[in-house]
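S.K.: A single structure is presented below for examination.
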Amino acid sequence: MSTSAPLPPPASPSTGTPAPSPRGPFVLLNDEPVAESGADLLGVGRAARQLAGLLVASRTSTPFTLAVDAGWGMGKSSLMRLVDAELAHAPEVHTVWYNAWTSQGADALEGLIKSVLMRFDRRVLRRALQRISERRALLRAVRAVTTVAAGPLGAAGLVDELWKTLSVNSQARNEMRGAIGELVQEWSQTDDFRPRRLLVVFIDDLDRCPEETVLAVCEAVKVYLDVPGLEFVIGCDRSALAPNGLLRDLSPAASAFMEKIFQTSYRIPVPDQQGVRAYIDWCARTVGIDQLLDERLTTMLAERSARNPRRIKRLVNGFVLEATLNPMWDDFAPEAVVRTLLLQYFYPDFYRMVAGAAGSGAGDVIAEFRTYREVRRLLRTPDPIPVAELPTVTRFLREHDLPEQDADGRDATLSRLERQLPSTFPEMVRDQEFTSLIDGLVALPRSEELLRRLREGAELPAAVEPEPAAAYVQSLPTQAQPPAGAYGGMPAGAYGGMPAGAYGAMPAGAYGGMPPGAYGAVPAGRTAAPGADVAPLRYVRILWVDDHPRNNETLVNAFRAAGAVVRIAEDSAAADAALAVERPTLIVSDIERDGNPREGLEHLARLRRDGRYDGPFVFYAGRVTPERSAVAEELGAHLTSSGPEIERLVLRAAEAERPLP
C-alpha cells in the first residue's frame, strides 16, 4: 500500500472555515491475493486447510485436476495461495505456480510444461534426457549425448534440451507423455522418499485467457502432464469456459475434450453477511474512511457489490483517489465523495438523470424523487390527506399534467402519475439503502451546490456511466484515441468527474460493453491481422438528432473512428432534410427538443405515417418512463438511457448492413 496526500479539510457548515478531516492521511489498498492465514479476512482459511489435506491424502490417486471455481474477484487466487501455504508444511509435497495469463497460444503449452519440469532435480532431468537420447536414431542420440556431456548444464539448460528433444516433431510429441511420466515416477518413487513425493501445480487466471491459450493449457494438462505424481489445481470461472462463454466456437470434439479436463470442482461460496461486513470495515479502516460509512452504507456496499471482495476494494480505492486528486471535492466534506460515488456506482440509471436531465418541474431529479415518495405515501393512505400536505400533492400532479382529483380514486391517480415518472422510481422508493443514501446526500452541508455542479458539468451523457462506451470503445480500431478514462472511469474533468481509472479497470463486458475484438475490432496496442476488418462499422450510416449534440460526442467519435458515417441534425427540420438526401442505417434521437417535451416521439410518428423512414430508430434519453416506453414501442423504436445499449444496437445494425460474402 502507498500513502496518498491527506484530504483537504471540509468546510464547516456554520462558520465556513475548514473543519478537521475525520482521518488522514488516506492510503490505497493493493489488489494482491491473500498469501498467509493471518491476512485471511473472509474465513477461507478453513476451506484452504481442508482442501490442502485432501490434496495430500490423495497423492496415491494422482493424476487428477481440481477446479477452484468462482467469478471474477471472488477470491480464487487467495484460496489457492492459502492452500499453497498449507502444503508447505506437508512432507514431500512440492508446488509450482503458473499464471496462464502470461502466455499466449502455443507458448502457453511450452511454458506450462517447462514450469513443471523445472521443479525436478537436475540428476533426474539429466537421466531423463539420457534415456530419451538412447531411444533415438544414432544421429540424434549423438547430438543429445554430446550436449549432455559437454558440460554441467543447470536445470534451465536441461529443461530446454528436454523440450527441444521432445517437441522436435510429431513422433517426439507422441513420446512426450511417456517420457514425462518416467521422469515424474523416478522423482516421486524412490527408496529415499516415504511417502512418495507429490507435485501440486497451481494454474491461475485461465478464464482471463483467449480461447487458443485455454486450449493449449488444457492440452498440456490432459495430454502431456496427465501422469501419476502430479495434481493440478486450476483457478477459473467454469461458466466462462462453458460452450456459451470463451469457448463458444469450439467443435463438438473439442467441447468433449474440455469436459474431460476437470475431475472435480470446488465452488467458492459467496462470503456471508457478517464476513463481508467485517471485510468492508477492515478496508475502510485501512484507507481511513471508516467514519464515513454508516450502517446502511455498509449494507449497501456489501449487497450491491454482490459481496465481491475485489469490487469492494476497487470502490474503496475509488473514494480515496477521487477525494484526494479531484479538486472539485476541495469544497465538500469527504462523505459527499462517498455518497456521490456510491450513487453513481450502484444506481447508474438514476445517477445519469441526476447529472444529466433535471426532473420535470422539480428542478432536479432528486427533489422530484423525494417529492414523489411523499406524494406516494399520502395517496396510499386510507385517511384524508392533511390540509397542510394537500398543496404538495396538487402541485406535483399538475407538474406532471394530471388532474388534482381522479374519479377512479387515489390508486388510479398514483398509477397514472407513475407512468409519467422514471420507470425506476417505484422500485427505488422501496429500497431502504437507496432512500437512506439520497436523504444523507441531501442532508450534507452545501448539498445544493454539489448537485448544481453535477448537473451543470455533465454535458456528456455517456460520461455519466461508470463504464461509458466501455470495452467496445477500447476495442475499436481508431484513427483517434478515445477520451482519457473511457474504460474504468469517467473522462478526467467531466463535471469534476473521477480521474481516469479511479474505479480500476473492470473486466471486459462487466457492464454490458462489447468484448475486445468484437466484429473484427483490434484490441488496444495490437495490430490487425492480415485480412482483418479494420473498420467494422464502415457500412453504417447514422443520423443523430439532438438539439445538444455535445451530449453525444463520446459515442459519436467512437462510431466515426470505427468507420461509421454519423450526420448530426439539431432539430426535426434538419433531420427531414438529411433524410431527403440519404436513407440512414439507423436514427438516434432525443425526445425533448424545440421546446416540445414530446418532439422526438411526434417526429418519428410523422416519419412513420408519411412513409419517409421505416428503419431502426433509437431514442437516447436520460429519462425513461413507462409512458415514453409504451409510445416508443408502438412506433417500433427502442428507448434507452444506456451508452452500452446504444453500442449493441449499432452493432446489430452493422450486421444487418454487411454485404454477403
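The values are calculated or read from the model by the stated rules, or taken from the named source; none is laboratory data. Since we're looking at a predicted model, the values are computed, not measured. Neighbour counts are summed over all protein chains in view; Cβ atoms, including those assigned to glycine, are modelled from backbone coordinates with ideal geometry. Accessible surface is based on the protein model in full, side chains and every heavy atom, while ligands, DNA and RNA are left aside. Shrake-Rupley method; radii C 1.70, N 1.55, O 1.52, S 1.80 Å.
S.K.: What are the residues in region 299-322 that are part of a helix (DSSP H, G or I) and open to solvent by 10 Å² or more (accessible area, probe 1.4 Å), if any?
M.R.: THR299, GLU303, ARG304, PRO309, ARG310, ARG311, LYS313, ARG314, ASN317, LEU321
S.K.: Of the residues that make up region 333-345, is at least one at pLDDT below 90, under 30 Å from GLU295 (Cα atoms) and either outside any helix (DSSP H, G or I) or among the small types (Gly, Ala, Ser) (or both)?
M.R.: Taking every residue of region 333-345 in turn, at least one turns out to be at pLDDT below 90, under 30 Å from GLU295 (Cα atoms) and either outside any helix (DSSP H, G or I) or among the small types (Gly, Ala, Ser) (or both).
S.K.: Can I ask one more? For region 325-342, which residues satisfy the criterion of being open to solvent by less than 30 Å² (accessible area, probe 1.4 Å) and either within 14 Å of ASP439 (Cα to Cα) or of a type in the set (Phe, Trp, Tyr) (or both)?
M.R.: Those that are open to solvent by less than 30 Å² (accessible area, probe 1.4 Å) and either within 14 Å of ASP439 (Cα to Cα) or of a type in the set (Phe, Trp, Tyr) (or both): TRP329, PHE332, ALA336, VAL338, ARG339, THR340, LEU342.
Let's see how each residue does on (1) open to solvent by less than 70 Å² (accessible area, probe 1.4 Å); (2) not in a helix (DSSP H, G or I); (3) not hydroxyl-bearing (Ser, Thr, Tyr):
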site	(1), (2), (3)
VAL375	yes, no, yes
ARG398	no, no, yes
LEU402	yes, yes, yes
THR413	yes, no, no
GLU427	no, no, yes
ARG430	no, yes, yes
GLU433	yes, no, yes
LEU437	yes, no, yes
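S.K.: OK, next. All but one of (1) within 16 Å of ARG452 (Cα to Cα); (2) at pLDDT 85 or above hold for GLY361, so report the exception by its number.
M.R.: It is condition (2) that GLY361 fails.
S.K.: Search region 36-95 for residues being touching a strand residue (DSSP E or B) at 6+ places or on another chain (Cβ under 6 Å) and part of a loop (DSSP other than H, G, I, E, B), and hand back the single one that is least open to solvent (accessible area, probe 1.4 Å).
M.R.: Among those residues, the one meeting the criterion is THR62.
S.K.: State which residue is most open to solvent (accessible area, probe 1.4 Å) when the search covers only region 573-596 and only residues that are in a loop (DSSP other than H, G, I, E, B) and touching an Asp or Glu at 6+ places or on another chain (Cβ under 8 Å).
M.R.: Of all residues in region 573-596, those in a loop (DSSP other than H, G, I, E, B) come to 582-585, 590-592, 594-595.
From what's left, touching an Asp or Glu at 6+ places or on another chain (Cβ under 8 Å): 585, 590-592, 594.
Numbers: THR585: 6, ASP590: 12, ILE591: 3, GLU592: 101, ASP594: 86 Å².
Applying the filter and picking the extreme gives GLU592.
S.K.: Looking only at region 270-289, decide whether some residue is open to solvent by 60 Å² or more (accessible area, probe 1.4 Å) and touching an Asp or Glu at 6+ places or on another chain (Cβ under 6 Å).
M.R.: no
S.K.: Which numbered condition in (1) open to solvent by 20 Å² or more (accessible area, probe 1.4 Å); (2) in contact (Cβ under 8 Å) with a residue 24 or more places away in the chain is the only one that PRO644 fails?
M.R.: Unmet condition: (1).
S.K.: In the set PHE346, PHE350, which member is within 22 Å of the chain's Cα centre (by Cα), closer than 30 Å to LEU390 by Cβ and buried (at least 19 other Cβ atoms within 10 Å of the Cβ)?
M.R.: On inspection, the qualifying residue turns out to be PHE350.
S.K.: What is the residue count in region 545-572 for residues that are out of contact with any Phe, Trp or Tyr (no Cβ under 8 Å at 6 or more places or on another chain), in contact (Cβ under 8 Å) with a residue 60 or more places away in the chain, part of a helix (DSSP H, G or I) and of a type outside the set (Val, Ile, Thr)?
M.R.: Going through region 545-572 one residue at a time, the tally reaches 7.
Residues are listed down the side, and each one gets a yes or a no for (1) over 30 Å from LEU297 (Cα atoms); (2) modelled with pLDDT under 85:
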| site | (1), (2) |
| --- | --- |
| VAL201 | yes, no |
| ASP207 | yes, yes |
| PRO210 | yes, yes |
| ALA220 | yes, no |
| GLY235 | yes, no |
| LEU241 | yes, yes |
| LYS260 | yes, yes |
| ARG267 | no, no |
| ALA278 | no, no |
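S.K.: Would you confirm, using the coordinates I've provided, whether ARG196 is touching a residue at least 60 places away in the same chain (Cβ under 8 Å), over 20 Å from PHE257 (Cα atoms) and either in a loop (DSSP other than H, G, I, E, B) or open to solvent by 20 Å² or more (accessible area, probe 1.4 Å) (or both)?
M.R.: It is true that ARG196 is touching a residue at least 60 places away in the same chain (Cβ under 8 Å), over 20 Å from PHE257 (Cα atoms) and either in a loop (DSSP other than H, G, I, E, B) or open to solvent by 20 Å² or more (accessible area, probe 1.4 Å) (or both).
S.K.: Does GLU655 satisfy the condition of being more than 21 Å from ASN557 (Cβ to Cβ) and either out of contact with any helix residue (DSSP H, G or I) (no Cβ under 6 Å at 6 or more places or on another chain) or outside any helix (DSSP H, G or I) (or both)?
M.R.: Answer is yes for this residue.
S.K.: Can you pull out the residues in region 108-124 that are free of Cβ contacts under 8 Å to residues at least 60 places away in the same chain and open to solvent by 40 Å² or more (accessible area, probe 1.4 Å)?
M.R.: Scanning region 108-124 gives GLU110, LYS114, MET118, ARG122, ARG123.
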